[in-house]
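Below: the structure, in C-alpha coordinates.
The values are calculated or read from the model by the stated rules, or taken from the named source; none is laboratory data. Model, not experiment: these values are computed from the prediction. Virtual Cβ from ideal backbone geometry, glycine too; neighbours counted across all protein chains shown. Only protein heavy atoms, including side chains, enter the accessible area calculation; ligands, DNA and RNA are left aside. Shrake-Rupley method; radii C 1.70, N 1.55, O 1.52, S 1.80 Å.
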Amino acid sequence: MKNNLIAPSLLAADFGNLQRDIEMINNSEADWFHIDIMDGVFVPNISYGMPVLAAIQKHAKKTIDIHLMIVDPDRYIKEFAALGANNLSVHYEACTHLHRTLQAIKAEGMKAGVAINPHTPVELLEDVIADIDLVCMMSVNPGFGGQSFIENTYKKIEKLKQIIERNNAPTLIEIDGGVTDKNAAQLIDAGADVLVAGSFVFKAEDPTQTIKNLKSLVNS
Ligand code: DX5
Ligand code: ZN
(Lines give C-alpha, C1' and ligand atoms only; values in the text may rest on other atoms or scores of the structure.)
(Ligands and ions follow the chains in the order given, each with its own letter.)
Protein backbone atom coordinates (compact mmCIF):
# COMPACT_ATOMS: atom_id res chain seq x y z
CA MET A 1 0.00 0.00 0.00
CA LYS A 2 1.27 3.47 -0.86
CA ASN A 3 1.97 5.79 1.99
CA ASN A 4 2.53 9.24 0.62
CA LEU A 5 2.44 11.89 3.26
CA ILE A 6 0.48 15.08 3.91
CA ALA A 7 2.09 17.85 5.96
CA PRO A 8 -0.21 20.76 6.83
CA SER A 9 1.70 24.03 7.17
CA LEU A 10 0.89 25.85 10.41
CA LEU A 11 1.69 29.17 8.74
CA ALA A 12 -1.93 29.24 7.60
CA ALA A 13 -3.36 28.27 11.00
CA ASP A 14 -5.36 30.65 13.18
CA PHE A 15 -2.68 31.83 15.65
CA GLY A 16 -5.36 32.96 18.08
CA ASN A 17 -6.52 29.36 18.23
CA LEU A 18 -3.25 27.58 17.69
CA GLN A 19 -3.86 24.78 20.16
CA ARG A 20 -7.23 24.04 18.54
CA ASP A 21 -5.60 23.85 15.11
CA ILE A 22 -2.81 21.62 16.41
CA GLU A 23 -5.35 19.23 17.95
CA MET A 24 -7.22 19.21 14.63
CA ILE A 25 -4.04 17.96 12.94
CA ASN A 26 -3.37 15.47 15.76
CA ASN A 27 -6.82 13.99 15.21
CA SER A 28 -6.70 14.04 11.41
CA GLU A 29 -5.08 11.77 8.83
CA ALA A 30 -2.21 14.26 8.41
CA ASP A 31 1.28 12.84 8.82
CA TRP A 32 3.55 15.75 9.74
CA PHE A 33 3.40 19.28 11.13
CA HIS A 34 5.19 21.56 8.64
CA ILE A 35 6.58 24.58 10.46
CA ASP A 36 7.97 27.57 8.55
CA ILE A 37 10.58 29.68 10.28
CA MET A 38 11.36 32.97 8.49
CA ASP A 39 13.91 35.59 9.51
CA GLY A 40 12.98 38.61 7.40
CA VAL A 41 16.41 38.42 5.75
CA PHE A 42 16.48 35.26 3.67
CA VAL A 43 12.84 35.88 2.82
CA PRO A 44 10.84 39.14 2.94
CA ASN A 45 8.66 38.00 5.84
CA ILE A 46 8.96 37.05 9.52
CA SER A 47 6.86 34.16 10.82
CA TYR A 48 7.51 32.88 14.33
CA GLY A 49 10.45 31.72 16.39
CA MET A 50 11.53 29.57 19.32
CA PRO A 51 8.88 30.43 21.98
CA VAL A 52 6.04 29.68 19.57
CA LEU A 53 7.75 26.49 18.42
CA ALA A 54 8.08 25.39 22.05
CA ALA A 55 4.34 25.92 22.51
CA ILE A 56 3.55 23.97 19.34
CA GLN A 57 5.82 21.14 20.40
CA LYS A 58 3.98 20.78 23.71
CA HIS A 59 0.76 19.82 21.92
CA ALA A 60 1.88 18.29 18.61
CA LYS A 61 1.75 14.49 18.53
CA LYS A 62 3.17 13.94 15.02
CA THR A 63 6.50 14.41 13.27
CA ILE A 64 7.71 18.01 13.48
CA ASP A 65 9.07 19.04 10.09
CA ILE A 66 10.85 22.38 10.25
CA HIS A 67 11.55 24.48 7.15
CA LEU A 68 14.14 27.12 7.94
CA MET A 69 14.02 30.17 5.70
CA ILE A 70 16.88 31.89 7.50
CA VAL A 71 20.45 32.91 6.74
CA ASP A 72 23.29 31.06 8.47
CA PRO A 73 21.09 28.25 9.84
CA ASP A 74 24.07 26.48 11.48
CA ARG A 75 23.72 28.89 14.41
CA TYR A 76 20.47 27.30 15.53
CA ILE A 77 20.76 23.56 14.78
CA LYS A 78 21.24 22.52 18.41
CA GLU A 79 18.41 24.74 19.57
CA PHE A 80 15.92 23.25 17.09
CA ALA A 81 16.94 19.75 18.16
CA ALA A 82 16.34 20.69 21.80
CA LEU A 83 12.91 22.03 20.84
CA GLY A 84 11.88 18.62 19.50
CA ALA A 85 12.35 19.00 15.74
CA ASN A 86 12.35 15.66 13.91
CA ASN A 87 13.22 16.97 10.43
CA LEU A 88 15.26 20.12 9.89
CA SER A 89 15.49 21.59 6.39
CA VAL A 90 17.91 24.36 5.50
CA HIS A 91 17.93 26.28 2.24
CA TYR A 92 20.55 25.35 -0.33
CA GLU A 93 20.85 29.06 -1.14
CA ALA A 94 21.66 29.90 2.50
CA CYS A 95 24.45 27.36 3.06
CA THR A 96 28.07 27.84 2.06
CA HIS A 97 29.10 24.45 3.47
CA LEU A 98 25.99 22.38 2.91
CA HIS A 99 27.65 19.02 3.48
CA ARG A 100 28.91 20.12 6.88
CA THR A 101 25.50 21.54 7.80
CA LEU A 102 23.77 18.25 6.93
CA GLN A 103 26.22 16.31 9.12
CA ALA A 104 25.60 18.74 11.98
CA ILE A 105 21.83 18.24 11.71
CA LYS A 106 22.21 14.45 11.76
CA ALA A 107 24.63 14.61 14.68
CA GLU A 108 21.74 16.10 16.69
CA GLY A 109 19.54 13.11 15.83
CA MET A 110 17.34 14.85 13.26
CA LYS A 111 16.59 14.01 9.63
CA ALA A 112 18.48 16.40 7.38
CA GLY A 113 16.56 18.29 4.72
CA VAL A 114 17.54 20.70 1.95
CA ALA A 115 15.02 23.21 0.61
CA ILE A 116 15.52 24.64 -2.87
CA ASN A 117 14.04 27.77 -4.42
CA PRO A 118 12.13 27.55 -7.71
CA HIS A 119 15.13 28.87 -9.67
CA THR A 120 17.65 26.44 -8.15
CA PRO A 121 18.46 23.49 -10.44
CA VAL A 122 18.06 20.07 -8.82
CA GLU A 123 21.32 18.99 -10.48
CA LEU A 124 23.18 21.02 -7.84
CA LEU A 125 22.19 18.36 -5.29
CA GLU A 126 23.70 15.38 -7.11
CA ASP A 127 27.00 15.29 -5.19
CA VAL A 128 25.35 15.48 -1.80
CA ILE A 129 22.15 13.54 -2.47
CA ALA A 130 23.19 10.45 -0.47
CA ASP A 131 23.40 12.66 2.62
CA ILE A 132 19.97 14.26 2.21
CA ASP A 133 16.98 12.64 3.93
CA LEU A 134 14.49 15.11 2.47
CA VAL A 135 14.44 17.65 -0.35
CA CYS A 136 11.86 20.38 0.26
CA MET A 137 11.24 21.57 -3.27
CA MET A 138 9.66 25.02 -3.32
CA SER A 139 6.80 25.25 -5.78
CA VAL A 140 6.31 28.95 -4.93
CA ASN A 141 8.85 31.59 -3.93
CA PRO A 142 9.37 31.13 -0.19
CA GLY A 143 8.08 33.69 2.27
CA PHE A 144 4.31 33.58 2.06
CA GLY A 145 1.41 31.16 2.06
CA GLY A 146 -1.43 31.32 -0.43
CA GLN A 147 0.60 31.80 -3.63
CA SER A 148 -0.02 29.95 -6.88
CA PHE A 149 1.80 26.79 -7.77
CA ILE A 150 4.66 27.06 -10.29
CA GLU A 151 4.06 24.51 -13.07
CA ASN A 152 7.75 23.95 -13.83
CA THR A 153 7.88 21.97 -10.55
CA TYR A 154 6.73 18.72 -12.21
CA LYS A 155 9.82 18.68 -14.44
CA LYS A 156 12.08 19.32 -11.47
CA ILE A 157 10.52 16.45 -9.50
CA GLU A 158 11.13 14.03 -12.37
CA LYS A 159 14.77 15.10 -12.68
CA LEU A 160 15.34 14.89 -8.93
CA LYS A 161 13.77 11.43 -8.79
CA GLN A 162 16.26 10.24 -11.41
CA ILE A 163 19.16 11.64 -9.39
CA ILE A 164 17.88 9.90 -6.25
CA GLU A 165 17.46 6.57 -8.02
CA ARG A 166 20.79 6.81 -9.84
CA ASN A 167 22.53 7.26 -6.50
CA ASN A 168 20.43 4.76 -4.55
CA ALA A 169 19.70 7.53 -2.09
CA PRO A 170 17.00 7.33 0.63
CA THR A 171 15.84 10.90 -0.07
CA LEU A 172 12.15 11.85 0.14
CA ILE A 173 10.80 14.58 -2.14
CA GLU A 174 8.55 17.11 -0.38
CA ILE A 175 6.62 19.73 -2.37
CA ASP A 176 5.95 23.05 -0.69
CA GLY A 177 3.66 25.80 -1.97
CA GLY A 178 0.34 26.05 -3.76
CA VAL A 179 -0.64 22.42 -3.23
CA THR A 180 -4.36 21.71 -3.72
CA ASP A 181 -6.63 18.83 -4.71
CA LYS A 182 -6.04 19.92 -8.32
CA ASN A 183 -2.31 19.12 -8.40
CA ALA A 184 -1.82 16.59 -5.56
CA ALA A 185 -2.20 13.40 -7.61
CA GLN A 186 -0.05 14.70 -10.48
CA LEU A 187 2.71 15.66 -8.04
CA ILE A 188 2.76 12.14 -6.65
CA ASP A 189 2.77 10.68 -10.17
CA ALA A 190 5.80 12.84 -10.99
CA GLY A 191 7.64 11.33 -7.98
CA ALA A 192 6.80 13.38 -4.88
CA ASP A 193 6.50 11.63 -1.48
CA VAL A 194 5.28 14.40 0.83
CA LEU A 195 2.93 17.30 0.08
CA VAL A 196 2.85 20.40 2.25
CA ALA A 197 -0.48 22.23 2.25
CA GLY A 198 -1.15 25.45 4.13
CA SER A 199 -3.99 27.60 2.84
CA PHE A 200 -5.74 24.75 1.11
CA VAL A 201 -6.17 22.97 4.44
CA PHE A 202 -6.68 25.82 6.90
CA LYS A 203 -8.87 28.05 4.75
CA ALA A 204 -11.16 25.13 3.95
CA GLU A 205 -14.57 24.92 5.55
CA ASP A 206 -13.71 21.50 6.94
CA PRO A 207 -9.91 21.14 7.35
CA THR A 208 -10.11 17.57 8.72
CA GLN A 209 -12.10 16.40 5.71
CA THR A 210 -9.79 18.32 3.36
CA ILE A 211 -6.79 16.47 4.80
CA LYS A 212 -8.65 13.17 4.42
CA ASN A 213 -9.39 13.97 0.76
CA LEU A 214 -5.77 14.94 0.05
CA LYS A 215 -4.56 11.77 1.76
CA SER A 216 -6.78 9.61 -0.41
CA LEU A 217 -5.74 11.50 -3.57
CA VAL A 218 -2.05 10.87 -2.91
CA ASN A 219 -2.56 7.20 -2.13
CA SER A 220 -4.95 6.17 -4.87
C1 DX5 B 1 6.14 29.31 2.01
C2 DX5 B 1 6.15 28.20 3.01
C3 DX5 B 1 5.07 27.20 2.81
C4 DX5 B 1 3.68 27.76 2.94
C5 DX5 B 1 2.79 26.96 2.04
O6 DX5 B 1 7.31 30.04 2.16
O7 DX5 B 1 7.36 27.48 2.94
O8 DX5 B 1 5.22 26.08 3.68
O9 DX5 B 1 3.20 27.73 4.26
O10 DX5 B 1 1.56 27.58 2.02
P11 DX5 B 1 0.47 27.31 0.89
O12 DX5 B 1 0.12 25.85 0.94
O13 DX5 B 1 -0.63 28.22 1.28
O14 DX5 B 1 1.12 27.68 -0.44
ZN1 ZN C 1 7.51 25.55 4.07
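Grouping the Cα pair distances of segment 80-135 into 10 Å bins from zero gives a pair-distance distribution of 25, 58, 16, 1 percent in increasing distance order.
Accessible surface calculations at 1.4 Å, restricted to protein heavy atoms, place the chain at 45 Å² per residue.
Want the number for H97 to H119: 0.36 nm per residue separation, take away the alpha-carbon distance, what's left?
Residue separation times 0.36 nm, minus the Cα-Cα distance, leaves 6.0 nm.
Would you work out what percent of the accessible area of segment 124-175, with all protein chains in place, is carbon or sulfur (probe 1.4 Å)? Carbon-and-sulfur percentage of accessible area, whole number: 45. Summing charges over all other residues whose Cβ lies under 15 Å from the Cβ of I188, with Lys and Arg as +1 and Asp and Glu as -1, gives -2. Short to long, the 10 Å bins of the Cα pair-distance histogram for the chain hold 8, 37, 39, 15, 0 percent of all pairs. Looking at segment 1-111, the DSSP beta bridges with both ends there are about 10 percent antiparallel. Where only DSSP H runs of four or more residues are counted, the chain gives -9000 deg cm²/dmol as its mean residue ellipticity at 222 nm, each run worth -39500 (n - 2.57). Along the Cα-to-Cβ line of K203, 7 Å from the Cα, sits a label point; which residues in segment 14-40 have backbone N less than 17 Å from it? What the label zone holds, given the 17 Å backbone N cut-off, is 14-15. The stretch between Q162 and N213, if pulled fully straight at 0.36 nm per residue, gains 15.5 nm over its current Cα-Cα span.
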